[in-house]
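Peer 1: Can you read through this structure? Questions will come right after.
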Amino acid sequence: KVFANLGVDLHKARRAVESFIGRGDHIVLGEIGLTPSAKMVIKLSGDCARHLNHHAIGTEHLLLGLIHEKNCIAAGVLESLGINLAQVHKLTFQMSNQTGQSEP
């Protein structure tokens, strides 16, 4: 919903992600570990959920975590599409905040 409200073209975003990281040409068998950046996104997402007094991490918290992780490719992709990360933060927070808490 946040991306729709910001007018993000999801096909264009997918192409931008593929241009940043490429596309695999084979199936990976076995366990795929998390990068330090991915671990930080999960931590930041949990922090956002707790701040909002939410009992589970949802997509809105993951999005907030993605845009706050300094080494995250996702934030770079959004910026390359002309998306203002502060605007993403504000809209995501507004859409997810049901408790009247201050912004994380």
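The values are calculated or read from the model by the stated rules, or taken from the named source; none is laboratory data. Predicted model, so just to flag it, every value in this text is computed and none were measured. Note: ideal-geometry Cβ built from the backbone for every residue, glycine included; neighbour counts use all protein chains shown.
Each row is one residue, and each column tells you yes or no for (1) more than 15 Å from Ser45 (Cα to Cα); (2) in contact (Cβ under 8 Å) with a residue 40 or more places away in the chain; (3) over 8 Å from the mean Cα position of the chain (by Cα).
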site	(1), (2), (3)
Ala56	no, no, yes
Leu63	no, yes, no
Lys70	no, no, yes
Ile73	yes, yes, yes
Gly76	yes, yes, yes
Ser80	yes, yes, yes
Ala86	yes, no, yes
His89	no, no, yes
Thr92	no, yes, yes
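Peer 1: Continuing with the same structure: For residues in the range 8-54 being farther than 21 Å from Asn84 by Cβ and among the basic types (Lys, Arg), which is farthest from the chain's Cα centre (by Cα)?
Peer 2: Only one residue tops the list, namely Arg23.
Peer 1: Looking for something at pLDDT below 90, in a helix (DSSP H, G or I) and either surrounded by fewer than 20 Cβ atoms within 10 Å (Cβ to Cβ) or not polar (S, T, N, Q) (or both) - is there at least one such residue anywhere in the range 62-72?
Peer 2: No, there is no match, as no residue in the range 62-72 is at pLDDT below 90, in a helix (DSSP H, G or I) and either surrounded by fewer than 20 Cβ atoms within 10 Å (Cβ to Cβ) or not polar (S, T, N, Q) (or both).
Peer 1: Mind checking which pairs have a first residue in the range 12-29 that is within 13 Å of Ala75 (Cβ to Cβ) and a second that is of a type in the set (S, T, N, Q) and at pLDDT 85 or above, Cβ under 6 Å, 6 or more apart or different chains?
Peer 2: Going by the 6 Å Cβ cut-off, the qualifying pairs are Ala16/Ser80.
Peer 1: Is it the case that some residue within the range 20-41 is part of a helix (DSSP H, G or I), of a type in the set (A, V, I, L, M) and in contact with an Asp or Glu (Cβ under 7 Å, 6 or more places away or on another chain)?
Peer 2: Looking through the range 20-41, at least one residue is part of a helix (DSSP H, G or I), of a type in the set (A, V, I, L, M) and in contact with an Asp or Glu (Cβ under 7 Å, 6 or more places away or on another chain).
Peer 1: Another question, then. Checking Ile57 against (1) under 23 Å from Gln87 (Cβ atoms); (2) of a type in the set (A, V, I, L, M, F, W, C); (3) assigned to a helix (DSSP H, G or I), which test does it fail?
Peer 2: Evaluating Ile57 over (1) under 23 Å from Gln87 (Cβ atoms); (2) of a type in the set (A, V, I, L, M, F, W, C); (3) assigned to a helix (DSSP H, G or I) leaves (3) as the failure.
Peer 1: Hey, among the residues in the range 81-101 that are part of a loop (DSSP other than H, G, I, E, B) and either out of contact with any helix residue (DSSP H, G or I) (no Cβ under 8 Å at 6 or more places or on another chain) or modelled with pLDDT under 80 (or both), which one's farthest from Ala56 (Cα to Cα)?
Peer 2: Residue satisfying both the conditions and the ranking: Gly82.
Peer 1: If you don't mind, there's one more thing I want to ask. State yes or no: is Arg50 of a type in the set (Lys, Arg) and either over 16 Å from Phe93 (Cβ atoms) or not in a helix (DSSP H, G or I) (or both)?
Peer 2: In short, no.
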